[in-house]
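The values are calculated or read from the model by the stated rules, or taken from the named source; none is laboratory data. Quick caveat, the model's predicted, so the values are computed rather than measured. Here Cβ is always computed from backbone atoms with ideal geometry, including for glycine, and neighbour counts include all displayed protein chains.
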Amino acid sequence: MQKKFNLKSFNLYEFLKHQNAYDQSVPFFLADRHTYEKAHVNFPFRTFAYGIGITYSGPGDIFKIGSTDYFVTEGSLTTVGPGMVCQWTGNYVSEHDTVYFTEKFFSDLQTHSFLHSLPFFFHGGKHVIALTAEQTKKMASLFGLLKELKDDRKAVPGIVHSLLMLVDSFHSADPSRNSPVSNREKIASSFRKLVAEQFAEHKEVAFYADQLHITPKYLSEVLQAELGKPAKVFIDEYVMMEARSLLKQTAFSVQEICQWLGFEDASHFARVFKRATGETPTQYRKV
């Protein structure tokens, strides 16, 4: 994979399209389990497109977005937006349909600005929710139509827009959304968004606790309850996801990545990286 593409411009969305002989000028792409089986992308990757996926069956896998873990299984609706670092921790052999697209896809419909009003595409949002059998059937129907008409450039944007409307309605009807949002849920969501924005400059729990007007101890208690890990672990995992993505997807030197991530020097970064992964940054990049 690295021999075919200049790492500086490696883009998973474009890579998958290339591997499946899709027209690169068309700003959308359909994927299923066979797509990922052929891709062999087992490292954290930064997204450059929007994605909507529905899982129909299978044993389930952990999908990491930043350092938040989501268990994706039968009936899971998954949404991601540009600029997120994600990783499948298993092989993701479940039966599913996914559509990837860019804002350019909706240029003729003049609705691309609508994407920015959908929180499930951005940091701090809810990226995986469970659908009912009836909701899953509706998603499958639209994906079936999308597959049937995928070569019709005039029809496809409208179908994907309908998918977006359906996904938005499912999020609005999600029982957890209609229930009163607890203070802990608000803290966890705000914390995730803050880390995505500030991790390069701030890696200490105290900073985020101060921003949220709570104590570091309480912040960690909330994160442990809501996300299954304390605040410091969440921050450190988030930084390492970013580091691993940069090492695989860019041609930046280790020194440049060190600076990008806000480490004081390359040796410090290398120590932290090896403690987290068991390899030096250079060793990880070569694998």
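Brief remarks follow.
- Breaking point among (1) assigned by TED's automatic domain parsing to the domain that holds HIS213; (2) loosely packed, with under 13 Cβ neighbours inside 10 Å, for THR132: (1)
- Identity of the residue in the range 231-249, of a type outside the set (Lys, Arg) and in contact with a strand residue (DSSP E or B) (Cβ under 9 Å, 6 or more places away or on another chain), that ends up surrounded by the fewest Cβ atoms within 10 Å (Cβ to Cβ): GLU237
- Helices (runs of 4 or more DSSP H) lying entirely in the range 225-287 (those with 3 or more residues that are more than 24 Å from ASP69 (Cβ to Cβ)): 254-260, 266-277, 281-286
- Among the helices (runs of 4 or more DSSP H) confined to the range 124-200, the ones with at least 1 residues that are at pLDDT below 95 and of a type in the set (Val, Ile, Thr) are located at 156-173.
- Condition met for HIS96 (in contact (Cβ under 8 Å) with a residue 24 or more places away in the chain and assigned to a loop (DSSP other than H, G, I, E, B)): no
- Residue count, the range 46-60 (criterion: more than 13 Å from CYS86 (Cα to Cα) and either surrounded by fewer than 21 Cβ atoms within 10 Å (Cβ to Cβ) or out of contact with any helix residue (DSSP H, G or I) (no Cβ under 9 Å at 6 or more places or on another chain) (or both)): 6
- The range 252-266: number of residues that are over 20 Å from GLN87 (Cα atoms) and out of contact with any Cys (no Cβ under 9 Å at 6 or more places or on another chain): 10
- Set side by side, the residues GLU103, GLU95, GLU74 differ, and just one is surrounded by fewer than 17 Cβ atoms within 10 Å (Cβ to Cβ) and at pLDDT 90 or above, which is GLU95.
- Residue within the range 252-265 that is within 29 Å of VAL128 (Cβ to Cβ), among the small types (Gly, Ala, Ser), without any contact (Cβ under 8 Å) to a residue 60 or more places away in the chain and not assigned by TED's automatic domain parsing to the domain that holds GLN87 present: no
- Single residue of ALA266, ALA206, ALA188, ALA270 found to be surrounded by fewer than 16 Cβ atoms within 10 Å (Cβ to Cβ) and either under 19 Å from PHE63 (Cα atoms) or of a type in the set (A, V, I, L, M) (or both): ALA206
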